[in-house]
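Asker: Can you read through this structure? Questions will come right after.
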Amino acid sequence: MATHFASGDDPFLAFAPVSFYAKNRLPAEAWRMFEEIPRRDAAVYNALLSAYTKGGHIDAADKLSDQMTERNMVPWTAMVSG
């Protein structure tokens with residue numbers, strides 16, 4: 001079953017589902033939601049990065065961090081914590 005995510009331009013609507021799955025340690029679901037977001041900001045990347053590191057998927061987290069155009073202390077802290 002395909003889901004269709006329609007966040008429009010609302011950053012919270014884009015961030016919320018990815019963050020939810022990340023906090024519940026469901027990286028595959030977080031990734032699925034991430035893929036459907038048309039405009040990804042730093043918060044969305046950080047939520048997915050957190051899901052990967054908490055789930056022990058360090059290689060996936062490293063690849064994702066390489067794709068990030070905007071980096072701050074949050075992704076670095078997530079990587080170190082992982």
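Asker: Residues that are in contact with a helix residue (DSSP H, G or I) (Cβ under 6 Å, 6 or more places away or on another chain), part of a helix (DSSP H, G or I) and either more than 19 Å from F12 (Cβ to Cβ) or of a type in the set (K, R) (or both): does the range 29-48 have at least one?
Answerer: no
Asker: Let me ask something additional. Is there any pair linking a residue in the range 1-29 that is within 16 Å of L49 (Cβ to Cβ) to one that is among the β-branched types (V, I, T) and modelled with pLDDT of 60 or more, with Cβ under 7 Å and at least six apart or on different chains, and which?
Answerer: Correct list of pairs: A14/I37; A14/V44; F15/V44; V18/V44.
Asker: Return the residues of the range 26-55 that are among the small types (G, A, S) and either surrounded by 20 or more Cβ atoms within 10 Å (Cβ to Cβ) or at pLDDT 85 or above (or both); say none if nothing qualifies.
Answerer: A28, A30, A47, S50, A51
Asker: Taking the condition under 17 Å from Q67 (Cα atoms), within 13 Å of the chain's Cα centre (by Cα) and modelled with pLDDT under 85, does A14 pass?
Answerer: For A14, the condition - under 17 Å from Q67 (Cα atoms), within 13 Å of the chain's Cα centre (by Cα) and modelled with pLDDT under 85 - is not met.
The values are calculated or read from the model by the stated rules, or taken from the named source; none is laboratory data. These numbers were taken from a predicted model, which means no experiment stands behind them. Quick reminder, even Gly has a Cβ in these numbers, built from the backbone with ideal geometry, and neighbours come from all protein chains shown.
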